[in-house]
Amino acid sequence: METATLWEVTSEYRRTYPLLQEHITSDVVIIGGGFTGIASSYHLQNKGVQTVVLEQHKVGWGASGRNGGMMNTGYKLSAADTIKRWGVEEAKRLDQYALDCNKAVEEIAKKHQIDCDVRMSGHVGLSKNKKKQQAFERSQELIEKHFGRKVRVLTGAELQEEMNSDYYKVGLMDPLSYQFHPLDYVRGLAEVTHDLGADIYEQTKAIDVQKTGSTFIVTTEKGMVEAKELIFATDGYSEKITPELHKGIFPLASFVIATEPLEKETLENLIPNNRNLYDTINLVNYFRRTPDNRIIFGGSGIGYPAKQAFKDELYMLLTSVFPRLKGVNIDYFWGGIIGATVDKFPIIGRTAQGAYYSVGYTGHGAAQSTLHGKLLAQCILNEERLNTTFENTPLKTVPLYTNKKFLVSAANLYFRMLDKLG
Ligand SMILES: Cc1cc2nc3c(=O)[nH]c(=O)nc-3n(C[C@H](O)[C@H](O)[C@H](O)COP(=O)(O)OP(=O)(O)OC[C@H]3O[C@@H](n4cnc5c(N)ncnc54)[C@H](O)[C@@H]3O)c2cc1C
């Protein structure tokens with residue numbers, strides 16, 4: 001049913017890493033080889049700290065290699081929600097932090113010549129519901145007044161300039177978002193941290209974690225790692241091995257289709273300014289052009305793994321938004337798990353044993369995970385943090401967490417219902 005991801009097929013980076021088959025020691029062991037795990041390793045290695053990354057499949061196999069490659073500004077929470085929750089000053093710092101996340105990816109890619117098509121594209125958050133215009137105008141007012149940057153509410157002809165469709169009625173355009181090739185970024189960064197001395201193991205699943213005195217002992221299927229510090233970077237793929245994350249993460253399934261390559265004229269007609277586009281409902285549909293002239297279109301499915309019905313639904317939505325694409329071939333279809341939290345906000349915390357984790361980006365992890373890797377390094381090195389809000393937010397227990405398979409379906413159904421209610 002699922003194909004390889006478009007990112008896998010077009011990836012420039014092909015280095016592989018061995019399976020762990022011995023007993024080794026390190027300063028820090030990191031479980032999970034996605035953006036968070038690899039970025040943590042990179043920031044620690046830069047400070048001379050020896051790291052080992054354990055990835056159960058391949059680097060970037062999880063959400064990091066499956067996402068839409070959109071580095072959108074802000075958080076899942078709106079500007080109004082952020083201000084209500086933390087007050088104006090902290091909300092302003094959080095907004096700046098999210099901008100810094102995008103910049104960090106761009107700078108790291110530039111510094112290490114990671115070829116991942118990173119570019120400032122801007123985004124437009126969209127709604128089919130004209131009534132949403134008021135909420136967008138409120139966001140615009142708050143962002144401009146308190147965060148000191150310009151965004152624009154778009155309707156009618158102005159919205160048509162961003163997308164040639166009358167499916168959506170109103171949009172909020174933010175020019176500071178980015179796009180990239182997510183798998184090339186995470187694999188490129190893995191090569192960088194590996195070259196800095198990190199040990200990376202693939203096909204190496206952590207199956208047990210114990211703490212003896214001040215030492216973590218992580219057992220894998222064929223080996224073992226001892227380290228003073230442990231980071232869980234497993235996000236939506238967290239399992240019972242970390243009870244805190246098993247309880248605290250909402251696993252949301254999301255699927256993506258990629259069209260066949262389109263005529264340049266068609267692409268420029270449909271998405272003229274090459275921005276990230278997404279629906280601002282809970283279970284977002286998101287779409288963009290790709291450097292190889294396709295359109296990718298993502299959205300939720302009820303449950304995981306993939307079903308033909310999810311692909312059909314995405315095709316139906318794509319062609320409802322852009323009727324001109326009726327009959328277009330779909331070359332790729334894949335899915336993945338987004339880690340969300342009850343508060344729709346990313347959280348850095350510690351397990352009862354004292355291991356660190358950074359999880360729950362709730363659809364905004366593509367860029368935030370890179371600076372969260374830095375925050376984790378700062379926690380371990382006891383340095384001043386870029387921002388402490390993520391550490392000061394508790395990870396709440398997700399209802400029904402004991403049955404993950406059921407939860408993936410239930411979570412999708414629940415959010416669909418909220419979206420239908422408007
Ligand atoms: C379809 C889809 C579209 C998305 N689109 C966007 C987008 O456009 N923009 C955006 O900002 N965000 C998006 N996201 C979310 C974003 O991809 C994530 O926030 C981000 O990748 C999280 O990175 P991570 O490293 O924390 O987790 P992941 O990339 O999920 O990595 C976790 C890794 O841990 C490994 N692992 C788990 N358990 C073990 C174990 N016991 N032993 C060893 N390894 C283990 C897994 O194999 C996995 O590779 C999307 C997600 C999906 C699924």
Restricting region 389-404 to residues that are open to solvent by 70 Å² or more (accessible area, probe 1.4 Å) and of a type in the set (S, T, Y), which is modelled with the lowest pLDDT?
-> T402
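What residue, among those in region 342-359 that are away from the ligand (no atom under 11 Å from the Cβ), at negative phi and outside any strand (DSSP E or B), is most open to solvent (accessible area, probe 1.4 Å)?
Taking region 342-359 first, the residues away from the ligand (no atom under 11 Å from the Cβ) are 342-345, 347-356.
Subsequent filtering for residues that are at negative phi retains 342-343, 345, 347-353, 355-356.
From what is left, the residues that are outside any strand (DSSP E or B) are 342-343, 345, 351-353, 355.
Working: V342: 61, D343: 29, F345: 1, T351: 15, A352: 100, Q353: 69, A355: 0 Å².
The qualifying residue most open to solvent (accessible area, probe 1.4 Å) is A352.
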Flag if S26 is open to solvent by less than 30 Å² (accessible area, probe 1.4 Å) and either touching a Pro at 6+ places or on another chain (Cβ under 6 Å) or part of a helix (DSSP H, G or I) (or both) = no
If we keep only residues of region 315-341 that are of a type in the set (V, I, T) and within 16 Å of the ligand (Cβ to nearest atom), then the residue surrounded by the most Cβ atoms within 10 Å (Cβ to Cβ) is I338
Give region 177-217 a look and list any residue that's among the hydroxyl-bearing types (S, T, Y) and touching a residue at least 12 places away in the same chain (Cβ under 8 Å), or say none.
-> S177, Y178, Y185, T193, Y201, T204, S214, T215
Which of the residues spanning region 218-261 are touching a residue at least 24 places away in the same chain (Cβ under 8 Å), assigned to a loop (DSSP other than H, G, I, E, B) and out of contact with any helix residue (DSSP H, G or I) (no Cβ under 8 Å at 6 or more places or on another chain)?
-> K222, G223, I241, T242, E260, P261
Got at least one residue in region 370-382 being of a type outside the set (V, I, T), open to solvent by less than 30 Å² (accessible area, probe 1.4 Å), in a loop (DSSP other than H, G, I, E, B) and farther than 18 Å from G33 by Cβ?
-> no
Is at least one residue of region 266-275 free of Cβ contacts under 8 Å to residues at least 60 places away in the same chain, farther than 30 Å from Q50 by Cα and in contact with a helix residue (DSSP H, G or I) (Cβ under 8 Å, 6 or more places away or on another chain)?
-> yes
Spot the failing condition for G188; the list is (1) assigned to a strand (DSSP E or B); (2) under 22 Å from the mean Cα position of the chain (by Cα), and only one is missed.
-> (1)
Answer yes if at least one residue in region 151-163 is within 30 Å of Q113 (Cα to Cα), buried (at least 16 other Cβ atoms within 10 Å of the Cβ), of a type outside the set (A, V, I, L, M) and in contact (Cβ under 8 Å) with a residue 12 or more places away in the chain, and no otherwise.
-> no
(1) of a type in the set (K, R); (2) under 21 Å from the mean Cα position of the chain (by Cα); (3) not in a helix (DSSP H, G or I): which one isn't true of R416, the others all being true?
-> (3)
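The values are calculated or read from the model by the stated rules, or taken from the named source; none is laboratory data. This one's a predicted model, so the numbers in the text were calculated from it and none came from an experiment. Positions of Cβ are generated from backbone atoms using ideal geometry, with glycine treated the same way; all protein chains shown enter the neighbour counts. We work out accessible area using only protein heavy atoms, side chains counted, and drop any ligands, DNA or RNA first. Shrake-Rupley method; radii C 1.70, N 1.55, O 1.52, S 1.80 Å.
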